[in-house]
Amino acid sequence: MGSPKNKLAKFAEFDSFENTFDYSHETKGKWSEIFGNSNPIVVEFACGKGEYSLGLAKLNPNINYIGVDIKGNRLWRGAKNAIENGLNNVRFLRIQIDNAAQYFNSNEVDEAWITFPDPQPQKRYKRLCSGKFLNIYREIMKPNSRLNIKTDSDLFYETALEQAVLDKLTVEANINDVYRLNPLPEFLNIQTFYENIWLKEGKKIKYVRMILGTEKSDETKRISLEEGTPLPPLTETA
Ligand SMILES: C[S@@+](CC[C@H](N)C(=O)[O-])C[C@H]1O[C@@H](n2cnc3c(N)ncnc32)[C@H](O)[C@@H]1O
């Protein structure tokens, strides 16, 4: 049978897959049960068609991956690919990231990725690396977990680094041109739908990995580093 072409058919099929979840499922505190093991859990926020979760799941069979996005027709693609490739360590969750704490227990997540998020040029607080969102991630992640960010956007990249400075977070990796790394680590050599678009336009791909820390970001503070405050330095390796 071919793939359903229209959105409604994809939604119906999405619901019927065993590796997909949404607001109607009680997943909070149940992810290890869902995966059938107690392996670490890595969440990809704004996963779109889920290429990164799928790629990482192939590389690390003993880690469980959950791709989160609000767009069901995009998640459908990821879920179908996971089924077709027999990948049992990846699931997809259709929710607003803002509501993540309703679908995950505190301490349930070991690590997170954000891949090619919308840069939200008008509204800083809407960027997925703003203090507001870091606090949402902290609600569901183990203390001092890692947040990985891959982006084409200079604005998003700089906001992430500024937020790290404001929150005094440890930045373990800061690469301003991923494909200049030699050797290129396998975990960075996974391309998503949006990454391929930006690569064709010749954009440089940036990667930042920070430790989220336990202290909450101040969401009320208007982000502005004092003039001249240095951003975290570039690192040689990822
Ligand atoms: C530019 S796309 C990137 C998708 C994918 N990571 C890629 O690289 O191809 C951004 C994605 O973020 C999702 N997104 C943005 N804000 C969200 C939110 N608050 N909750 C859930 N998904 C969100 C959108 O639905 C969209 O699929």
**Asked** Can you name the condition, by its number, that Ile197 falls short on among (1) within 28 Å of Asn73 (Cα to Cα); (2) under 17 Å from the mean Cα position of the chain (by Cα)?
**Response** (2)
**Prompt:** Of the residues Thr229, Thr214, which is touching a residue at least 24 places away in the same chain (Cβ under 8 Å) and under 20 Å from Trp113 (Cα atoms)?
**Reply:** Thr214
**Fill in**
All-but-one check, Asn182 against (1) touching a Lys or Arg at 6+ places or on another chain (Cβ under 8 Å); (2) exposed (fewer than 14 other Cβ atoms within 10 Å of the Cβ), failing number (1)
**Prompt:** Tell me, which residue of region 134-151 that is in contact with a helix residue (DSSP H, G or I) (Cβ under 8 Å, 6 or more places away or on another chain) and without any contact (Cβ under 8 Å) to a residue 60 or more places away in the chain is nearest to Glu172 (Cα to Cα)?
**Reply:** Thr151
**Prompt:** Among (1) surrounded by 16 or more Cβ atoms within 10 Å (Cβ to Cβ); (2) modelled with pLDDT of 95 or more; (3) over 22 Å from Arg138 (Cβ atoms), which single condition is Ala46 missing?
**Reply:** (3)
**Asked** Given the conditions (1) out of contact with any Pro (no Cβ under 7 Å at 6 or more places or on another chain); (2) part of a strand (DSSP E or B), and given that Lys132 satisfies all but one, which numbered condition is not satisfied?
**Response** (2)
**Complete:** For strands (runs of 3 or more DSSP E) lying entirely in region 20-100, having 2 or more residues that are near the ligand (Cβ under 9 Å from one of its atoms) and touching a residue at least 24 places away in the same chain (Cβ under 8 Å) picks out 41-45, 64-69
**Fill in**
The residue from Thr237, Thr214 that alone is modelled with pLDDT under 95 and in a loop (DSSP other than H, G, I, E, B) is Thr214
**Asked** When only residues in region 4-39 that are of a type in the set (Ser, Thr, Tyr) and surrounded by fewer than 16 Cβ atoms within 10 Å (Cβ to Cβ) count, which is farthest from the chain's Cα centre (by Cα)?
**Response** Ser16
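The values are calculated or read from the model by the stated rules, or taken from the named source; none is laboratory data. Quantities reported herein were computed from a predicted structural model and do not represent experimental measurements. We place every Cβ from the backbone using ideal geometry, glycine too, and count neighbours over all the protein chains shown.
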